[in-house]
Amino acid sequence: MGERGTSHAVTVEVNGEKVSRIVAARQLLVHFLRDTLGLTGTHIGCDTGNCGACSVIVNGKLVKSCMILAPQVDGATIETVEGLADGDSLSPLQESFHEHHALQCGYCTPGMLMSATYLLRQNPDPTDEEIRRGIRGNICRCTGYVNIVKAIRAASREQASGGRPVPAAAGEEV
């Protein structure tokens with residue numbers, strides 16, 4: 001990183017915590033999260049933006065972190081799967097995935113959870129078709145998606161019935 005322009009200072013808020021690091025100009029966000037910050041919940045699947053295992057929320061938008069360079073998120077607010085739980089308590093969506101057996105190997109689960117979180121913020125009461133559309137950027141090779149759809153639907157119903165809501169993004173109202 002000795003050459004001018006090959007490294008950048010990056011300051012971001014990740015899961016509510018402000019962090020600053022010097023990163024290589026070509027470091028992908030997924031590697032920044034996993035390798036630099038140690039947030040290994042964000043999985044590396046395909047490195048081409050096809051599988052969705054690396055999905056995170058940046059400034060309130062769902063993105064695939066293998067498709068963005070870390071310097072591009074300077075000043076951003078980032079949410080990863082590690083930020084969904086409240087301490088040792090799973091979020092309602094995470095609990096629903098567990099209760100409805102919406103995972104098998106678990107590799108796609110962090111990306112699915114982030115896509116579902118984004119979906120439920122945009123549409124708190126989605127139909128099954130809207131859920132399928134909301135997770136279409138995520139590939140699961142194990143479950144067949146049926147239980148994932150059930151889990152997301154159940155979490156939306158819990159939220160609608162006064163259960164714990166899907167937490168709002170920083171600065172966003174639900």
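The values are calculated or read from the model by the stated rules, or taken from the named source; none is laboratory data. Not measured: the values here are computed from a predicted model. When we count neighbours, we look across all protein chains shown, and the Cβ atoms used for this are built from the backbone with ideal geometry, even at glycine.
Some points to look at:
- Filter result for residue 122 (more than 21 Å from residue 141 (Cα to Cα), assigned by TED's automatic domain parsing to the domain that holds residue 148 and without any contact (Cβ under 8 Å) to a residue 60 or more places away in the chain): yes
- Among (1) in the same structural domain as residue 140 (by TED's automatic domain parsing); (2) polar (S, T, N, Q); (3) without any contact (Cβ under 8 Å) to a residue 40 or more places away in the chain, the one test that residue 96 misses: (3)
- Selection of the range 1-52 for residues being in contact (Cβ under 8 Å) with a residue 60 or more places away in the chain and in contact with a helix residue (DSSP H, G or I) (Cβ under 6 Å, 6 or more places away or on another chain) yields 8, 10, 12, 15, 41, 42, 43, 52.
- So residue 89, is it in contact with a helix residue (DSSP H, G or I) (Cβ under 8 Å, 6 or more places away or on another chain), over 30 Å from residue 6 (Cβ atoms) and of a type in the set (Ser, Thr, Tyr): no
- Taking the criterion of being in a loop (DSSP other than H, G, I, E, B) and either outside the structural domain of residue 13 (by TED's automatic domain parsing) or under 15 Å from residue 113 (Cβ atoms) (or both), the residues of the range 26-75 that qualify are 39, 40, 41, 42, 43, 45, 51, 52, 53, 54.
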